[in-house]
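Have a look at the structure below, then the notes.
The values are calculated or read from the model by the stated rules, or taken from the named source; none is laboratory data. These figures come from a predicted structure and were not determined experimentally. A quick note on method: Cβ atoms are made from the backbone with ideal geometry, for glycine too, and the neighbour counts reach across all protein chains shown.
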Amino acid sequence: MPLTFDDLLVRARALSRPGSRAILGIAGSPGSGKTTLAEDLVGALNGSGEPWVAHVPMDGFHLADVELVRLGLRDRKGAPETFDAAGYAALLRRLREETDGDIVYAPGFERLLEQPIAGAIPVHPTARLIVTEGNYLLLGTGAWPRVRPALDEVWFCELDEDERVRRLVARHEEFGKTHEEAVAWVRRSDQPNAELVAATRERADLVLSGLTG
């Protein structure tokens, strides 16, 4: 029987332990619904009371376009090597260890600008569960293997391939690309990245497909 959203709420809530902070990772290919699931989980768990769950996406660790141009990687934006994986892993360790005292600030990502924004996400000491999501949480190359040890669990989102691609094309169109440009970008950049991510599926603690309710 497929898991329901309520099942996931129970499982996420159980990760939190008194006196410590847990980190839940949500992985999956571009367009698979990671961000939507993370936002829904955080909203439902926080409810109308004092927020105790924070959302810290991996996308804040995109390298800025000026650096991608310097590295000759602008046309590969979104590939594993176009992120600061070591910085992301270091932030996750800091979030796990610094549970009292000062606010920890994480970078965000502005989709209209397609640029990372430093210090955009405050994580307060009251946060007992962090939900982080991104493509490469389970990747085994480069600095990415440093990420997994910082996470209590990793869930993997998968979606019907045609629907996933349709969503990706629509997203690129929403943020300014023509239909032809969007299709070309998905084929040239997003799809190779999706294949890399799909190969990490078996490393997840939980695979989510056909989520209901």
Residues that are in a helix (DSSP H, G or I) and surrounded by fewer than 21 Cβ atoms within 10 Å (Cβ to Cβ), drawn from region 146-163: ARG146, ARG148, PRO149, GLU161, ASP162, GLU163
Within region 176-213, tally of residues that are out of contact with any helix residue (DSSP H, G or I) (no Cβ under 9 Å at 6 or more places or on another chain) and closer than 16 Å to ARG111 by Cβ: 1
Residue within region 55-67 that is assigned to a strand (DSSP E or B) and modelled with pLDDT of 95 or more present: yes
Meets criteria (in contact with a Lys or Arg (Cβ under 9 Å, 6 or more places away or on another chain), touching a residue at least 12 places away in the same chain (Cβ under 8 Å) and among the small types (Gly, Ala, Ser)) for ALA120: no
Some residue of region 165-177 being aromatic (Phe, Trp, Tyr) and not in a loop (DSSP other than H, G, I, E, B): no
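What about LEU24, is it within 22 Å of VAL154 (Cα to Cα), outside any helix (DSSP H, G or I), aliphatic (A, V, I, L, M) and in contact with a strand residue (DSSP E or B) (Cβ under 8 Å, 6 or more places away or on another chain)?
Considered against the rule, which asks whether it is within 22 Å of VAL154 (Cα to Cα), outside any helix (DSSP H, G or I), aliphatic (A, V, I, L, M) and in contact with a strand residue (DSSP E or B) (Cβ under 8 Å, 6 or more places away or on another chain), LEU24 comes out as yes.
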Boolean, ARG11 is among the charged types (D, E, K, R), touching an Asp or Glu at 6+ places or on another chain (Cβ under 9 Å), in contact (Cβ under 8 Å) with a residue 24 or more places away in the chain and not in a loop (DSSP other than H, G, I, E, B): yes
Yes/no for VAL183 being closer than 18 Å to ARG74 by Cα and modelled with pLDDT of 85 or more: yes
Qualifying residue in region 139-149 (condition: more than 21 Å from ALA38 (Cβ to Cβ), at pLDDT 95 or above and hydroxyl-bearing (Ser, Thr, Tyr)): yes
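Rundown of residues vs (1) farther than 25 Å from VAL66 by Cα; (2) outside any loop (DSSP other than H, G, I, E, B); (3) not β-branched (Val, Ile, Thr), yes/no style:
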site	(1), (2), (3)
ALA86	no, yes, yes
LEU95	yes, yes, yes
GLY101	yes, no, yes
PRO107	no, yes, yes
ILE117	no, yes, no
ALA120	no, yes, yes
THR126	yes, no, no
VAL131	yes, yes, no
GLY140	yes, no, yes
Lone qualifier among LEU37, LEU24, LEU71 - being more than 23 Å from THR141 (Cα to Cα) and either over 14 Å from the mean Cα position of the chain (by Cα) or at pLDDT 95 or above (or both): LEU37
Matching residues in region 68-79 - criterion: being touching a residue at least 24 places away in the same chain (Cβ under 8 Å) and either aliphatic (A, V, I, L, M) or not in a loop (DSSP other than H, G, I, E, B) (or both): ASP75, ARG76, ALA79
Among residues of region 41-79, those that are surrounded by 15 or more Cβ atoms within 10 Å (Cβ to Cβ) and charged (D, E, K, R), counted: 4
Count of residues meeting criterion [in contact (Cβ under 8 Å) with a residue 24 or more places away in the chain and buried (at least 17 other Cβ atoms within 10 Å of the Cβ)] in region 80-107: 11
